Amino acid sequence: MVLRSAVVGGFIAAALSFSLPAYAAGDAQAGAALVKARCQMCHVLNKGQKSTALAPNLNGVIGRKAGSTSDFALYSPALKASNIVWTPAKVDTFLQAPGKMVPGTKMVISVADAKDRANIVAFLAGNK
């Protein structure tokens, strides 16, 4: 009985350690509102839309190499050299503290609230 409880407890612990990241539970509709309020002052979001003078187009950012859009020339050398490919987890980390993840980045806006980041990432993941 003790062995069985230990095995079951081990399976439960393992399952909890592999739980889905916070962004998986994000609300894309709430994220759209947050992006409009917090990101669109610099970024554009529509497919084929030219990047602004301040920031690149975020359409299709998930799966894209950082610093790689052809119509935005003002990426920081640090971001271009980072070799990051944007995954939901990496976008979440970047939004939490851009300068910590990529020292020297020009991105200075951060999103402290995990739920807000999850919602933004959920929106960006579907914005293709």
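The values are calculated or read from the model by the stated rules, or taken from the named source; none is laboratory data. Only a predicted model underlies this, so the values are computations on that prediction, with no experimental measurement involved. Backbone-built Cβ (ideal geometry, glycine too); neighbour counts: all protein chains shown. Accessible surface areas use protein heavy atoms only, side chains included; no ligands, DNA or RNA. Shrake-Rupley method; radii C 1.70, N 1.55, O 1.52, S 1.80 Å.
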Response to the item:
Okay, helices (runs of 4 or more DSSP H) sitting entirely in region 1-99 with 2 or more residues that are at pLDDT 95 or above and closer than 19 Å to Lys128 by Cβ, I get 28-38, 88-96
Worksheet item: Inside region 59-116, can you point out the residues that are of a type in the set (Lys, Arg) and open to solvent by 70 Å² or more (accessible area, probe 1.4 Å)?
Response: Lys65, Lys80, Lys90, Lys100, Lys106, Lys115
Response to the item:
Of (1) small (Gly, Ala, Ser); (2) over 19 Å from Leu45 (Cα atoms); (3) touching a Gly at 6+ places or on another chain (Cβ under 7 Å); (4) in contact (Cβ under 8 Å) with a residue 60 or more places away in the chain, Ala78 satisfies every one except (4)
Worksheet item: Restricting the search to region 25-48, which residues are under 16 Å from Thr69 (Cβ atoms) and open to solvent by 70 Å² or more (accessible area, probe 1.4 Å)?
Response: Asn46, Lys47, Gly48
